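Take a look at the structure set out below.
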Amino acid sequence: MKSTQFLLIPLAFGLLTSLAQAKRDSSSSVGPSLPTPDEIVKRVGLTQKLDAQVPLDLAFRDETGKTVRLGQYFGTKPVMLILIQYRCRMLCSEEMNTLTQSLKELDFSIGKQFNLITVTIDARETPELAAAKKKSYLQEYGRPGAAAGWHFLTGDGSSIEKLASAVGFRFAYDAQTDQFAHPDGVIILTPQGKVARYFFRLEYPPQGLKFGLMEAANNKIGSPLDAVALLCYHYNPATGRYDLAYMALLRGVAIATVLILAASIIVMKRRERRPNPDLGSSAVQGEA
């Protein structure tokens, strides 16, 4: 009896192993296995494509459901672009909240000095959802006239992919969470639709956004003092920031110092050459 029991143990183990293998084989025969989180992460990233042209003929739908061409938002003003998933429960909300707060501190206004385009990367999302998002963020932004310059777009997979590829924005769908893995990034485009600047790592400082918009507009927006301030900073693509350009600042200080010294010397020379009225009157009195 004991020998029979010991004999059944390896038989049962072998049967379980065979069933497990059969299950694995049957599941693999149904279709490709889902990508692992590590595989999804490898597909995600943001590659800076400075001076790349965005395809302006791409078709999208605005928040009212109307079909629009991307190019109709370009031509006269720089454009700020952000790609998100409207239903995203994690990064997108943080990204939009960070950007909105920076925009509230920025002394340029949406619809006046620049336009802002928010595009979903999820082709399943609807204009109704885009309209709800627009209403919410406009209320948070709180500036009059912004509705005409802030656009929330939806589109088909082809248009989304082409736009994302043009600006170096790589994302991937995660079926297990029904969400899109993607990088964060605010992209500034010229009025002609060329990529000018990137801001990422959830760091969208108002001053940096302002400088980026000014450069994208070829200094056609902003005050003369803003243009002078911009001379002291340079854009670092590696960090997506405007850093103080120490050498440029030193050169500016040196030039200003030389000009001040030169002006002082010229004033002193002119004073030396100018006749002294007191000496002239003294001489006349002496002759008298």
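May I ask for the net charge around Asp57, where only other residues with Cβ less than 11 Å from the Cβ of Asp57 are counted and Lys, Arg are +1 while Asp, Glu are -1? Its environment carries a net charge of +2. Between Ala238 and Asp51, the FRET efficiency estimated from the beta carbon spacing at R0 = 22 angstrom works out to 0.85. Restricting attention to region 109-249, close to 70% of DSSP beta bridges with both partner residues there are antiparallel.
Extension gain, Arg69 to Leu202: 0.36 nm times the residue separation minus the Cα-Cα distance gives 45.0 nm. Please say if region 153-210 is rounded, prolate or oblate, where rounded means a/c under 1.5 for a ≥ b ≥ c the square roots of the C-alpha gyration tensor eigenvalues, and otherwise the choice is prolate for a/b larger than b/c and oblate otherwise? Cα axes put region 153-210 in the oblate bin. Beyond 24 Å between alpha-carbons counts as too far, so tell me which of Lys77/Lys162; Lys162/Lys194; Lys42/Lys66 fall in that bin. In this structure, Lys42/Lys66 lie more than 24 Å apart at Cα.
Going from the residue with the fewest nearby Cβ atoms within 10 Å to the one with the most, His182, His151, His234 rank His234, His151, His182.
Taking the average, over residues, of other Cβ atoms within 10 Å as the packing measure, peptides 45-55, 189-199, 161-171 rank 189-199, 161-171, 45-55 from highest down. What does the convex hull of the alpha-carbon atoms of region 42-217 project to on average, in nm²? That works out to 8.9 nm², a quarter of the Cα hull's surface.
Bear in mind these aren't lab numbers, they're just calculated from the coordinates by the rules spelled out. Everything numeric in this text was worked out from a predicted model, so none of it was measured. Cβ atoms come from the backbone with ideal geometry, glycine included; neighbour counts cover every protein chain shown.
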